[in-house]
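The values are calculated or read from the model by the stated rules, or taken from the named source; none is laboratory data. Small disclaimer: the values here were computed from a predicted structure and weren't measured. All Cβ positions, glycine included, derive from the backbone under ideal geometry; neighbour counts span all protein chains shown. Side chains are part of the model used for accessible areas, which takes the heavy atoms of the whole protein and leaves out ligands, DNA and RNA. Shrake-Rupley method; radii C 1.70, N 1.55, O 1.52, S 1.80 Å.
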Amino acid sequence: MSSAPAGPAGVDEALRSTGYLPGEGLSTVVYLAATMSRPLLLEGEPGTGKTSLAEAWAAATGATLIRLQCYEGIDASQALYDWDFARQILHIRVVEASTGTEAQESSLEESLFHERFLLERPILRALRTPNSVLLIDEIDRADDEFEAFLLEVLSTFAVTIPEYGEVRAAVPPAVVLTSNRTRELHDALKRRCLYHWIDHPTLDREIEIIRTRLPEVSPRLAAQVAAAVQRIRHSDGILKPPGVAESLDWARALHHLGRTELDVAAAAETLGAVLKYREDAERTRRALAAILAG
């Protein structure tokens, strides 16, 4: 990974300087990933700060953040490179319209695969960017074939483009992979990485996160929002437990409404900031008095 501050304590301080408050053990594994030049695999429930960790580490080290969002059906070409076909066709027409020599015609095919026609996708851009953090987000959404391709790239930090040649990273990028564990990743990929599970924060840490990220929110409101989210998160039958991102959205929404405290009326009006399923919202709305009473 990008050069790390001295020791886990230095990493912790650097991350906190960006507003990211790492949980127990996270600064240590980030430090080890940096010093050992190993990819870091983060798993956990949605909204626990996996993606934000990569963003914070890039900001803390002054690196360029390059994000590859995985999805079902993604393939190597969509992650690696493509050719600018429109410009290639225009180039062919320009050459054909000109009075070319035999040498020019024979070199046409070679000229079509010039650097100026190469479109960098995230992985290729990361390999060619000296100081970068490559975020491979939600790798569990991709299929087995893409995971196998990714394993090869992370093993060599080099790729071969048939029409262009080999591209090898002079300085390997920092690599952070995230997974919501919608499926199990293969052992081969896991062995290549250092691993850390990011859990939902404790109440005290969630209050600290809200107050750090949203200093304009009143301390009382921050504490009330964090406590309410903690109770909602651990409610029986909740379909989509809210994450830290939802806690921040809820506190921000209440602040924009001029609220300095959380009461039943304000909570009912703003549940859309924290709950994204109708069933969860209806169940929570019925229990708001008990949730806020603690």
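Computed from Cα positions, the angle between helix 26-36 and the longest principal axis of the chain comes to roughly 20 degrees. Relative contact order, whole percent, for the chain stands at 22, derived from Cα pairs under 8 Å and 6 or more residues apart. The residues of the chain have, on average, 50 Å² of accessible surface per residue, using a 1.4 Å probe with all protein chains present.
Build a GNM of the chain with springs between Cα atoms under 10 Å apart, and of I74, I210, I161 the one that fluctuates most is I161. Please give every one of the lysines within straight-line cross-link reach of K190, meaning a C-alpha to C-alpha distance under 22 Å, and leave out same-chain neighbours fewer than 8 residues apart. Partners within reach: K50. GNM on the chain, alpha-carbon springs under 10 angstrom: the most fluctuating residue among R259, R87, R67 is R87.
Among A223, A59, A170, the largest mean-square fluctuation in a Gaussian network model of the chain, built with springs joining Cα atoms closer than 10 Å, belongs to A170.
Please work out the FRET efficiency for the pair D204 and I161, using the Cβ-Cβ distance as r and a Förster radius of 41 Å; give the result to the nearest 0.05. According to the calculation, E is roughly 0.20.
Shown for segment 160-239 is the translational diffusion coefficient from the Stokes-Einstein equation, using the Kirkwood radius over Cα pairs, a temperature of 37 °C and a viscosity of 0.692 mPa s: 191 µm²/s. The value for segment 140-294 of Rg(Cα) / (2.2 N^0.38 Å) is 1.43. What angle, in degrees between 0 and 90 and rounded to the nearest 10, separates the Cα long axis of helix 50-61 from the longest principal axis of the Cα atoms of the chain? Taking the Cα atoms of the chain, the angle to 50-61 is about 70 degrees.
Diagonalising the gyration tensor over the Cα atoms of segment 218-294 and scaling each eigenvalue by 5 before taking the square root yields semi-axes of 18, 12, 11 Å, largest first.
What a 1.4 Å probe finds exposed on the chain is 51% carbon and sulfur by accessible area, rounded to a whole percent. Helix 203-213 and the longest principal axis of the Cα set of the chain meet at an angle near 60°.
Only one item in (1) 1.26; (2) 0.99; (3) 1.21 matches Cα Rg over 2.2 N^0.38 Å derived from the coordinates shown, and that item is (1).
For the chain, the residue among P46, T202, L221 whose Cα projects farthest onto the positive side of the dipole built from Cβ charges is L221.
Taking chymotrypsin sites (Phe, Trp or Tyr not before Pro) that fall in a DSSP loop and have at most 16 other Cβ atoms within 10 Å as cut points, what is the longest piece of the chain between them? It works out to 165-276.
Under 17 Å of direct C-alpha separation, and excluding same-chain neighbours fewer than eight residues apart, K276 reaches these lysines: K240.
For segment 1-93, applying the loop criterion from DSSP together with a ceiling of 14 other beta carbons within 10 Å to the GluC sites (Glu not before Pro) yields E24, E72. Segment Q78..E13, full-extension length gain: 19.8 nm, with 0.36 nm per residue of separation and the alpha-carbon distance subtracted.
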